[in-house]
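Structure first, then comments.
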Amino acid sequence: MKAKRVTMLGGPNLGLLGSREPDVYGTVTWSELETLCNDWASGLGLDLVFAQTDGEGDLVGLIGRAGVDSSGLIINAAAYTHTSVAVRDALSALSIPVIELHLTNPDAREPFRRRNMIRDVVTAGVFGLGIPGYRLALAGMAELLADN
Ligand code: DQA
């Protein structure tokens, strides 16, 4: 059976994982996270596209591409979660399942992180679990795509 393709996207500053506020985000680097996610995805029979961008327009483009070439999207939109109508509109345009993912629980942090532009246009969410949240998001996506 052909592996189902899932796109996993990271928004601004996630490329700095490992050195960025390690007390908040941990010490695993983005590149180490990519290796972990590829292993987890292949264990679940998923073919993973993994990408990160700091640019809002780039993120919108990658979301649109996922809608064309993937069966599901997992996105940590990082700060754009709280600010971007463009990211929200790009997600709204998709007809594939979308999982919103965060390393931390944004609602338990600064008040400005409680504003969420995408929550009501995604299928499901995983937050506050750190790196293992990525594994759970992939497992959740595999469930959403089962028998599809
Ligand atoms: C984040 C939470 C966001 O509020 C923040 O802007 C990030 C990372 C997380 O994964 O916890 O950059 O999405």
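The values are calculated or read from the model by the stated rules, or taken from the named source; none is laboratory data. Predicted model, so just to flag it, every value in this text is computed and none were measured. We place every Cβ from the backbone using ideal geometry, glycine too, and count neighbours over all the protein chains shown. Surface areas here come from the heavy atoms of the whole protein model, side chains and all, with no ligands, DNA or RNA. Shrake-Rupley method; radii C 1.70, N 1.55, O 1.52, S 1.80 Å.
Structural remarks
- Springs join every pair of Cα atoms under 10 Å in this Gaussian network model of the chain, and among Thr81, Thr53, Thr35 the largest mean-square fluctuation is at Thr35.
- Rg [Å, one decimal], Dmax [Å, integer] - segment 4-146, C-alpha atoms: 13.8, 39
- Among the trypsin sites (Lys or Arg not before Pro) in segment 63-126, those placed in a DSSP loop whose Cβ has at most 13 other Cβ atoms within 10 Å are Arg109, Arg115.
- Think of a 1.4 Å ball rolled over the protein heavy atoms: segment 4-146 then has 45 Å² of accessible area per residue.
- Centroid-to-centroid separation of segment 1-57 and segment 102-148 [C-alpha atoms, Å]: 13 Å
- Of the DSSP H helices in the chain, those whose Cα atoms cover at least 18 Å axially and whose Kyte score averages -0.5 or more: 30-43, 56-69, 132-145
- Contour excess over end-to-end distance, with Cα ends at Arg20 and Ala146 and 0.36 nm allotted per residue: 41.8 nm
- The fraction of accessible area contributed by carbon and sulfur in segment 55-143 is 54 percent, rounded to a whole number (1.4 Å probe; ligands and nucleic acids excluded).
- Residues whose placed amide H lies under 5 Å from that of Arg5, excluding near-sequence neighbours: Asp47, Ser71
- Projected label distance in nm at Glu110 and Leu136, using a 7 Å step from Cα toward the beta-carbon: 2.5 nm
- Sum of side-chain charges, Arg65 neighbourhood, beta-carbon under 13 Å (Lys, Arg +1; Asp, Glu -1): -1
- Rounded to the nearest 20 debye, dipole of the chain from Cβ charges on Lys, Arg, Asp, Glu: 220 debye
- On the basis of the beta-carbon distance and an R0 of 25 Å, Arg5 and Thr35 show a calculated FRET efficiency of 0.85.
- For segment 1-88, the relative contact order comes to 46 percent (Cα pairs under 8 Å, sequence separation of at least 6).
- GNM flexibility winner over the chain from Val87, Val68, Val98 (Cα, springs under 10 Å): Val68
- Candidates Asp89, Asp120, Asp54: whichever shows maximal mean-square fluctuation once the chain is modelled as a Gaussian network with Cα springs under 10 Å: Asp120
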